[in-house]
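Worksheet for the structure shown next.
The values are calculated or read from the model by the stated rules, or taken from the named source; none is laboratory data. All figures in this text were calculated on a predicted structure; none of them were measured in a lab. A quick note on method: Cβ atoms are made from the backbone with ideal geometry, for glycine too, and the neighbour counts reach across all protein chains shown.
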Amino acid sequence: MPGLMELAYTTAGGVVGAAVTAYISRNHERRQLRSAVMDQLQRVWLVRAGVCDIVPRRTGRPAAYMGGGQLSATGELGFSAVLEDGSDAERTLREAVAGLVVASLSAGIPRRVLDFAGGGEERALQCEVIRLADQRVGGILGESLEELMTACAEYREATAQLLLQALWHPWQVRWRMTVRIRALRTEVEALHRKQQAAVTLLARAAQR
């Protein structure tokens with residue numbers, strides 16, 4: 001009997017040990033995946049924040065964005081956004097967003113959350129282009145520019161928070177996903193109208 005008891009304890013200990021090892025391994029992998037997402041998100045933020053100027057667009061097609069119907073202020077106004085090192089901001093942002101998508105999908109974040117998060121950063125870049133273009137023509141947008149930039153910042157923050165919550169609290173976000181997505185769609189439609197109105201005014205000023 002002692003032999004059987006020892007065997008039972010040994011077997012139980014082995015099962016518990018394997019479970020603990022698997023749990024630690026999963027936690028370690030989860031931390032690595034989350035860290036990769038945070039690194040890529042930081043990269044996206046730095047690109048958007050690094051836009052320093054706009055220059056006349058060279059011949060070629062405007063950037064393609066995650067949201068099919070998204071307004072491209074650079075395409076409409078004929079400018080390219082550039083970073084401090086002279087590189088094309090839109091191209092660099094697309095590459096950064098692509099890296100964020102890969103890391104986030106690996107971490108289990110739903111694709112529709114990523115569409116809004118990436119789209120929020122892309123719209124923020126376009127709003128920065130509008131701001132710089134308005135400076136070029138003497139600030140004709142007035143208070144509407146401040147309203148646009150505020151709306152853009154709030155939308156970008158909301159999409160980023162949705163991504164972070166999906167990363168760190170996936171079960172909580174899942175219950176409220178439909179409501180959050182509906183609210184973001186309403187918000188981005190209003191932002192799109194503000195962007196379109198600003199671009200229309202700037203294009204008319206440029207023609208004059």
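Among the residues making up region 155-196, those that are free of Cβ contacts under 8 Å to residues at least 60 places away in the same chain and of a type in the set (S, T, N, Q) are Thr159, Gln161, Gln165, Gln172, Thr178, Thr186.
Okay, residues lined up against (1) free of Cβ contacts under 8 Å to residues at least 24 places away in the same chain; (2) in a helix (DSSP H, G or I):
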site	(1), (2)
Arg91	no, yes
Ala96	no, yes
Ala117	no, yes
Arg123	no, yes
Glu128	no, yes
Ile140	no, no
Glu146	yes, yes
Thr150	yes, yes
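When you scan region 156-171, do you find a residue that is in a helix (DSSP H, G or I) and in contact with a strand residue (DSSP E or B) (Cβ under 9 Å, 6 or more places away or on another chain), even just one?
No, region 156-171 has no match at all.
Please go through region 121-160 and give me each residue that is polar (S, T, N, Q) and surrounded by 14 or more Cβ atoms within 10 Å (Cβ to Cβ), ordered by number. If the condition is that a residue be polar (S, T, N, Q) and surrounded by 14 or more Cβ atoms within 10 Å (Cβ to Cβ), then Gln126, Ser144, Thr159 are the ones that fit. The sole residue among Ala81, Ala107 that is over 13 Å from the mean Cα position of the chain (by Cα), modelled with pLDDT of 90 or more and closer than 19 Å to Leu191 by Cβ is Ala81.
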